[in-house]
Amino acid sequence: MRNRVFCGILLWSCGFSAQVLATPEEEAQLVRLDQINHDLELQREWAKYRWGTAVTECYQHYFVGHCLSNARARYRQEIDPIQEQEVALHADQRTLRASLKDQDDAKRAADRASPEKAAERAKNQSDYEQKQKDAAARAADLEQRRKDAPKRSQENKAGTQLD
């Protein structure tokens, strides 16, 4: 079973390197690789569980050291193929993710270079500058009102005198 998965990953990676897939296909492939990664993690966890139970049983025997070394050897025999498959799988995932990132970067660069985006950026810039001018005018008006407040107060007091 493990050898078939490893061979499948190897064949897939060889075939994948020669072709350029569309983004949805690459994303679907990434999902499949994530599922394979999950299966390998599950196999690793089961091997670790079997090793832990073997270690526990070893402490019930007289020759504990010999039993532990045998249990460790069996564990390594199980884990080594899984680790080789994980290394190949992670290399494929890295190349696939790099390809997706490169496609996204190219798409963003094309969007930035489009005339519509350039016009939108120019409009946004002019809107920003206009808002800054309006805010400065409001601040200047508010400051002028603050300066004129005592004068207006005196005028209001003078105009509303009751005898």
> Is there a residue being under 30 Å from Leu40 (Cβ atoms) and among the hydroxyl-bearing types (Ser, Thr, Tyr) anywhere in the stretch 65-76?
Replying inline: yes
>> Of all residues being surrounded by 11 or more Cβ atoms within 10 Å (Cβ to Cβ) and of a type in the set (S, T, N, Q) in the stretch 1-42, which is modelled with the lowest pLDDT? Just the residue, please.
In response: Ser13
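Yes or no, residue by residue, for (1) surrounded by 10 or more Cβ atoms within 10 Å (Cβ to Cβ); (2) assigned to a helix (DSSP H, G or I); (3) small (Gly, Ala, Ser); (4) in contact with a strand residue (DSSP E or B) (Cβ under 9 Å, 6 or more places away or on another chain):
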residue	(1), (2), (3), (4)
Gln60	no, no, no, no
Cys67	yes, yes, no, no
Glu86	yes, yes, no, no
His90	yes, yes, no, no
Thr95	yes, yes, no, no
Ser99	yes, yes, yes, no
Asp102	yes, yes, no, no
Lys107	yes, yes, no, no
Ala110	yes, yes, yes, no
>> For the stretch 122-160, give me each residue that is farther than 30 Å from Arg112 by Cα, of a type in the set (Gly, Ala, Ser) and modelled with pLDDT of 85 or more.
In response: Ala136, Ala137, Ala139, Ala140, Ala149
> Taking the condition under 30 Å from Val31 (Cα atoms), part of a helix (DSSP H, G or I) and at pLDDT 95 or above, does Glu45 pass?
Replying inline: yes
> Under 9 Å by Cβ, and 6 or more places apart or on different chains, what pairs join a residue from the stretch 114-139 that is at negative phi with one that is surrounded by 10 or more Cβ atoms within 10 Å (Cβ to Cβ)?
Replying inline: Lys117/Asp111; Ala118/Arg112; Arg121/Arg112
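The values are calculated or read from the model by the stated rules, or taken from the named source; none is laboratory data. Just so we're clear, the structure is a prediction, and the values are computed from it rather than from any experiment. Neighbour counts run over all protein chains shown; Cβ positions are idealised from the backbone, glycine included.
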